[in-house]
1. State whether one or more residues within the stretch 82-92 are under 22 Å from the mean Cα position of the chain (by Cα), at pLDDT 90 or above, within 30 Å of Leu229 (Cα to Cα) and among the β-branched types (Val, Ile, Thr).
2. Does Val91 satisfy the condition of being buried (at least 16 other Cβ atoms within 10 Å of the Cβ), in a strand (DSSP E or B) and on the phi < 0 side of the Ramachandran plot?
3. Checking Ile54 against (1) surrounded by 20 or more Cβ atoms within 10 Å (Cβ to Cβ); (2) touching a Gly at 6+ places or on another chain (Cβ under 6 Å); (3) in a helix (DSSP H, G or I), which test does it fail?
4. Go through (1) under 19 Å from Ala79 (Cβ atoms); (2) of a type in the set (A, V, I, L, M); (3) at pLDDT below 90 and name the single condition Ala142 misses.
5. Restricting the stretch 215-245 to residues that are touching a strand residue (DSSP E or B) at 6+ places or on another chain (Cβ under 6 Å) and not hydrophobic (A, V, I, L, M, F, W, C), which is surrounded by the most Cβ atoms within 10 Å (Cβ to Cβ)?
6. Provide a single number: the residues in the stretch 169-196 that are of a type in the set (D, E, K, R) and under 16 Å from the mean Cα position of the chain (by Cα).
7. Being under 14 Å from Leu125 (Cα atoms) and part of a helix (DSSP H, G or I) is the filter here, so list the residues in the stretch 149-168 that pass it.
8. Which of the residues spanning the stretch 1-29 are modelled with pLDDT under 85 and surrounded by fewer than 17 Cβ atoms within 10 Å (Cβ to Cβ)?
Amino acid sequence: MKVGLTGFSRAGKTTLYNALTGLSAAVGGFEARHEAAMAVVKVPDPRVDALSEIVHPKEKKYAEVTFLDFPPSQERKAALENQSLVQLREVDALVQVVRAFDDPLADEPPAPVRDLDAFQAELILADLAVIEKRLERIRKEAVKAREREMEKDLLTRCQSTLEEERPLRGLDFLPEERTLLSGFAFLSEKPLLVVYNSGEEALQQPLPDDVAEYARVENLTVVPVCGKLEMEIAQLDTSERTEFLSELGLSETARDRFIRHAYDHLRLMSFFTAGPVEVRAWTITRDTAAVHAAGKIHSDIERGFIRAEVISYDDYIEHQGESGCRSAGKLRLEGKEYRVQDGDVMHIRFNV
């Protein structure tokens, strides 16, 4: 999963990036850089460790999240840098970091709702530019093929929505429509999470009413953090980190809270493969068919899918592995259309 961190200048994106990754990228003066910084973080999952205790693999692999820290526009009133748009369209989800703390170096006091509104407007305008360019090309080609007509109608529908200042993520699309739109990678269609970056004094306080109402209307998930404090926590060793979090009344780091919210918001989950070579977590969306889950492992496995041998995580732990589950009748044979459940331990039979 690729997550793009975005937001206006001095919102604290790089501070959050450091908190999420444990790195020490320079903060402030960030506008001098024109490319996104990138780091890969392992998704904490105790189930990988528990399965490994049973299987004793040579290697264990956690699911991973790639964080990209995008520079703000050099125009102070904009969040998106034009040079970053192509790379930004490649991410699976957008995160807008919103400043909710006083900053003596900022030109204006914090205004979270204003920034949320302005960022959405930028996404909408970027998508409108892509649609208008594509529709103009279709008109010039004057092709009457059914697929081209379908594309034109679908883009016109999207254009109408954007012109009403509404993002595309609020629309419902048929599977074939999503396939047709996938190549455009519209920014306002991507899932958007909001990180409400406050000062330490506001960490335990509820969200302001206007922010909570905006999130409700726009169906947004808001994750409150104090980026500066969380960056300091991320630099501590494990024992100090746990003690510090406890003193603050927190049970998780910003990284763990963020990833949990991201998985919930993006409807993500994990299934596992377990054997003597490796125990591994694979990230898929909920309601994924077994044949497509197999494709996460390798495209050849999806193409030659025969059946899936499935054991629930709880059964695998209770009966101490595949052999015990077979004896207890807890191993199931499932076909292509089986909807994989969170925590399923799967062995795919295939032939190519």
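1. Yes, some residue in the stretch 82-92 is under 22 Å from the mean Cα position of the chain (by Cα), at pLDDT 90 or above, within 30 Å of Leu229 (Cα to Cα) and among the β-branched types (Val, Ile, Thr).
2. Working: buried (at least 16 other Cβ atoms within 10 Å of the Cβ): yes; in a strand (DSSP E or B): no; on the phi < 0 side of the Ramachandran plot: yes.
Against the criterion (buried (at least 16 other Cβ atoms within 10 Å of the Cβ), in a strand (DSSP E or B) and on the phi < 0 side of the Ramachandran plot), Val91 does not qualify.
3. Every condition holds for Ile54 apart from (1).
4. Condition (1) is where Ala142 drops out.
5. Across the stretch 215-245, the extreme among qualifying residues is Gly227.
6. Selection size over the stretch 169-196: 3.
7. Once the filter is applied, which keeps residues that are under 14 Å from Leu125 (Cα atoms) and part of a helix (DSSP H, G or I), the stretch 149-168 yields Cys158, Gln159, Ser160, Thr161, Leu162, Glu163, Leu168.
8. Gly22, Ser24, Ala25, Ala26, Gly28, Gly29, listed by residue number.
The values are calculated or read from the model by the stated rules, or taken from the named source; none is laboratory data. Everything numeric here is computed off the predicted structure, so don't read it as measured data. Neighbour counts are summed over all protein chains in view; Cβ atoms, including those assigned to glycine, are modelled from backbone coordinates with ideal geometry.
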